[in-house]
Amino acid sequence: MVRLPAPLWALWLGAALCNPVRAEPDPASALPVGTVVAERRAIDKALDFVGRVEAVSRVEVRARVTGFLDAVLFKEGELIKDGAPLYRIEPDLFEAAVKQAEGTLERSRAAETLAKIQLNRAQELLDRNSGTVVARDQARAALDQAKGAVTGDEASLETARINLGYTQISAPIAGKVGRTSVTKGNVVGPDSGVLTSIVSQDPMYVTFPVSQREFLRYQQGGDRPDRSKVGVRIRFQDGSEYGQVGRVDFVNISVDRATDTVVVRAVMPNPGGALRDGQLVRVALQVGAPEQKVVVPQAALIADQGGVYVFAVEDGRAVTKRVKPGPGGTGPDAVIEEGLSGGELVIVDGLQRVRPGIPVRANPIGPSASRT
């Protein structure tokens, strides 16, 4: 055994204590975890709201005359064109009423013709000093009465024809028709209520309330864009994004006193019929140019009393990264304002067993799996 001189032995011991050798994690005992790379992505400047889809046109179909329903001429839930037949009321009584009005009008016109002849004859006799002024005036009054009767009977005939036309109930707008509340054989009329409803399909409105604070902040902004150029995107309840971009077309002129909000309306194209009247959606207003932000899956975020953090893999070990989420996330992804710079391996799978500092083995997973 070689003995080192005391000074050399002291120097060797001091160096060993000052520079301890760090034990490398054993790959065999490391905890397998699923990871994704925190990526930098162009994120639109957006304000998020909760909105509701509304049809541009909505019509409640009602009967305008009373009669037995002869036929239902549409399939519930189908797309129909403007003027498409919906219901047919038995027309027999209304056709008879038209013929009766035509006969009454013919009698009135005949009486008018006779009154004209009698007036001409009374005037001729008066001109030859064979008649009287009273007879001429009576004939003139009879002609005026005949003309009035013709006018009234013409109106009655027109009314009968209009009522006959009401036995064919047609669609006043194009759109999707709802379910029918009556079936063939029932008596319908103006008091029967709504027979069915029609809502237009393309485009659709999306209305959403904007708080006074956000509204004033937008008004006071020096670089605010024209509202007609503000892009509007929506997401469905499952987090999927709608593929069309809309535009704001109306801002209400008054503030709701109950909620202190202003109702804003956007027009959204709906060529495929994905939007439905009354649907609840998330609305994102694009109010500025896109900015580069760090994006990680929502599944990677963990909250505690100190805030929000994620686990990242560094040198084969799990480390804690405190982060500050920001607005502008798209569906299952979260935007990170502070705490990550991009490129970190963030743990999204196996978080239940991860503790700070334990050895881990990173297994990259696909984007679809990280969003589950």
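Only the coordinates and a few stated rules stand behind these numbers; no lab work does. None of the values given here were measured: they were computed from a predicted structure. Cβ sites come from the backbone with ideal geometry, for glycine too, and all protein chains shown count toward neighbours.
Below 15 Å, Cα to Cα, which aspartates and glutamates can Lys321 reach? Residues fewer than 8 away in the same chain don't count. Hits, sequence-local ones excluded: Asp304, Glu337, Glu338, Glu344. Once backbone amide H atoms are built at 1.01 Å from N, Leu195 has Val61, Arg62, Ala63 as its partners under 5 Å, excluding neighbours fewer than 5 places away on the same chain. Among the GluC sites (Glu not before Pro) in the range 70-116, those placed in a DSSP loop whose Cβ has at most 16 other Cβ atoms within 10 Å are Glu76, Glu78. Candidate cross-link partners of Lys147 among the lysines, defined by an alpha-carbon separation under 18 Å and a same-chain spacing of 8 or more, comprise Lys116. In this simple spin-label approximation, Leu351 and Arg128 carry label points 7 Å from Cα along the Cα→Cβ vector, and these lie 11.6 nm apart.
Too long at a 18 Å Cα-Cα cut-off: which of Lys75/Lys176; Lys75/Lys184; Lys81/Lys184? Over 18 Å apart, Cα to Cα: Lys81/Lys184. Between Glu60 and Ala96, the distance separating the two model label sites (each 7 Å from Cα on the Cα→Cβ line) works out to 3.3 nm. In this structure the amide hydrogen of Glu337, modeled in the peptide plane, comes within under 5 Å of the amide hydrogens of Lys324, Gly326, none closer than 5 places in sequence on its chain. For the range 33-144, the orientation-averaged shadow of the C-alpha convex hull comes to 20.5 nm² (one quarter of the hull surface).
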